[in-house]
Amino acid sequence: VRFVDVDILALVNMVAYNYGDEGTWIIVHLGPAGILSVIMEAGDPVNIRQVSYEAEWYGGLLDRMLLAPETSDETYKIGASETLLLKQFVEETTDQVLEIVKHFSDMSEKAVVSGVLLSGGYSRVEGLPARLADVLKMSVSLVDPFKKITVPPAMQQDSRFQKASPLLGVAVGVAIRGVRAP
């Protein structure tokens, strides 16, 4: 019996479809299970790495912060201790992504990285893409799984859809399996 992590294949499929299969992309999927990184060259995964977070409590904190505003009319207020914990999450994530990029740079001196694409629920932590871009000195953005997919205008303008978009990378990648990019 063999198990295949569909997330990896789906993310590569979604990025190749929406961003093209030329060049090198670093896909970083952040969620409750940890950090899944996939380095994609010419549309194929060439390096995969799964890292668990050092702290098990990230999930509770980030779920409260990211989900509370969507499920109630009240905004979630971040206290001083939560700010420190959030800072720790951002630092750990930044360190892990920096190590991924360094490891890849050591492996491949020729490849020019097109950018880092963040996906998953924890990628929505405010300031994370900008922090990573500053540290890595390269383009870092939230993945847009619908970049080349026609979405009705009413849906595009819905703030809930916009917030959920980075979470849908795996689902879109599975859904468009076998479809060629336009």
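If I filter the stretch 165-178 down to residues being modelled with pLDDT under 90 and exposed (fewer than 15 other Cβ atoms within 10 Å of the Cβ), which single residue comes out as nearest to residue 14 (Cα to Cα)? Among those that are modelled with pLDDT under 90 and exposed (fewer than 15 other Cβ atoms within 10 Å of the Cβ), it is 177. The selection criterion, being modelled with pLDDT under 90 and open to solvent by less than 60 Å² (accessible area, probe 1.4 Å), holds for residue 181. Contact annotation: residue pairs with Cβ atoms under 8 Å, 6 or more positions apart or on different chains, pairing a residue in the stretch 164-177 that is at negative phi with a partner that is of a type in the set (S, T, N, Q) and open to solvent by less than 10 Å² (accessible area, probe 1.4 Å), are 166/119; 166/123; 167/119; 169/119; 170/119.
Of the residues that sit in the stretch 57-113 and are modelled with pLDDT under 75 and of a type in the set (Lys, Arg), which one is surrounded by the fewest Cβ atoms within 10 Å (Cβ to Cβ)? If we take residues in the stretch 57-113 being modelled with pLDDT under 75 and of a type in the set (Lys, Arg), then 110 is surrounded by the fewest Cβ atoms within 10 Å (Cβ to Cβ).
Close Cβ contacts (under 7 Å, 6 or more residues apart or on different chains) running from residues in the stretch 152-163 that are closer than 17 Å to residue 120 by Cα and assigned to a helix (DSSP H, G or I) to residues that are among the aliphatic types (A, V, I, L, M) and at pLDDT 90 or above comprise 161/155.
Please go through the stretch 125-144 and pick out each residue that is basic (Lys, Arg) and in contact with a helix residue (DSSP H, G or I) (Cβ under 8 Å, 6 or more places away or on another chain). Break it down into steps so the answer makes sense when it comes.
Taking the stretch 125-144 as the starting set, the residues that turn out to be basic (Lys, Arg) are 131, 137.
If the condition is that a residue be basic (Lys, Arg) and in contact with a helix residue (DSSP H, G or I) (Cβ under 8 Å, 6 or more places away or on another chain), then 131 is the only one that fits.
Contact map, the stretch 30-44: first residue buried (at least 20 other Cβ atoms within 10 Å of the Cβ), second residue in a loop (DSSP other than H, G, I, E, B), Cβ cut-off under 6 Å, separation 6 or more or different chains; pairs are 30/120.
Which of the following residues is at pLDDT 90 or above, open to solvent by less than 70 Å² (accessible area, probe 1.4 Å) and over 15 Å from the mean Cα position of the chain (by Cα): 144, 158, 134? Spell out the reasoning first.
Values: 144 fails: over 15 Å from the mean Cα position of the chain (by Cα); 134 fails: open to solvent by less than 70 Å² (accessible area, probe 1.4 Å).
On inspection, the qualifying residue turns out to be 158.
The values are calculated or read from the model by the stated rules, or taken from the named source; none is laboratory data. This one's a predicted model, so the numbers in the text were calculated from it and none came from an experiment. Reconstructed Cβ throughout: ideal geometry from the backbone, glycine too, with neighbour counts over all protein chains shown. Remember, those area values only see protein heavy atoms, side chains included, never the ligands or the DNA or RNA. Shrake-Rupley method; radii C 1.70, N 1.55, O 1.52, S 1.80 Å.
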